[in-house]
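We did not get these values from a lab; they are worked out from the coordinates using the rules stated. Not measured: the values here are computed from a predicted model. Cβ placement follows ideal geometry from the backbone for every residue including glycine, while neighbour counts extend to all protein chains displayed.
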Amino acid sequence: MKTIAVLLSAAFALPSARAALINLNFTGGITPPQQETFVRAAGYWNSVITGYDLIYDGYGVETPHSLQITVSVPVIDGVGGVLGSAGPDTAAYYDDNPLGQPTHALWYADTGSMQFDSADVDWMIGDGSFYGVVLHEMAHVLGFGTLWEYNNDVNNTDYDLYVAGSGQYTGPNALREWRAEFSQPGAAFVPVELGGGAGTADGHWDEVDGGNALTGILDPGGKDLRDELMTGWATDLFFVSRTTLGSIDDLGYAVDYSKAGLVPEMSSAFYLGISLVLLRRRRGRRM
C-alpha cells in the first residue's frame, strides 16, 4: 500500500460490514470521563460513515480501510494556553480498479493523533464543551480541511475539492448540499475561511468577524452557518450540516445524511473569558 506522511495528528476508523472505521488508541493516563468523550465522538462519526467508495490499494488488492487514532491528554501548559493538536499523520492511496488502471482515486486518512492539554480538557468537560471540540477535531482527522488539497486531480482525474488560498471548495457532494441546505442555488463553490491564520484558514467553512457575528446564511431550520460544527470558530451550541457530511462524502466515504442536524449533547460555549479568547479559533492542522 502506498502511503504519504502528513504534518498533522489524529485519526479514526470506518464502520463497514468488514471493519469499524474509527479505532482509538489511548495513551498517557487518560481518565475514564476523558475516554468516554472520545468514544462517544467516534461513535457519532462511525454512525455517519456507512462505507467507502474506493477499496483497492493501488496494487489491485481489495483492502478494508481503517483509521487508527492515537489519543493523549498530557500536561502542556495549563488552562488557557496551548489546547493541543489533531489531524491525520499518514494517508493511504485507494482507487476503483482491481487491474491497476483507476478512473477515480483518493487518499484516505490511515493513521492520526489527537492531543489535548489535560488542564483544558478537565475544564471543557466541566463546561460541557469538550464533546463538540472532539467531534470537530475528529472530522479534521478524517480529512475535512486536511486532505482536501491532496485529493485534487489524483491520477489526472477531474475530482477537485479545494485549491489552497482560493476560498472556494468545489467538491460535488458538499456543493450540492450547500446549494440546497443554505439557499444558495446558483453557488459555484462553498466558501472557505481564509482568515484566522494557520490552523484556521483553508480548512473550515467561512464565517464573518472571527465568529462574533451571525452570517445571515441559514439552514431550513433557521440555524445560522456561524454555529455549524466545521466553521473556524466555536459557539455555544453547534449543529452538523448536510454540507459538512457532503465533504466527508467527497473524501470517498458513504455517509448517512440523516445524521446531520443539532447535536446537543455536551455542546456549550468554547471559551472562558479573556484568558481563553484565542482558543475560540479551531485548531485542526492541515497537510
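For S258 and N212 in the same chain, what is the full-extension length gain: residue separation times 0.36 nm, less their Cα-Cα distance, in nm?
Residue separation times 0.36 nm, minus the Cα-Cα distance, leaves 13.7 nm.
Sticking with the crude label model, points 7 Å out along Cα→Cβ, report the distance from T63 to S47 in nm, one decimal please.
About 3.2 nm separates the two model spin labels.
If each of Q35 and A180 carries a label point 7 Å out from its Cα toward its Cβ, how far apart are those two points in nm?
Calculated label separation equals 4.1 nm.
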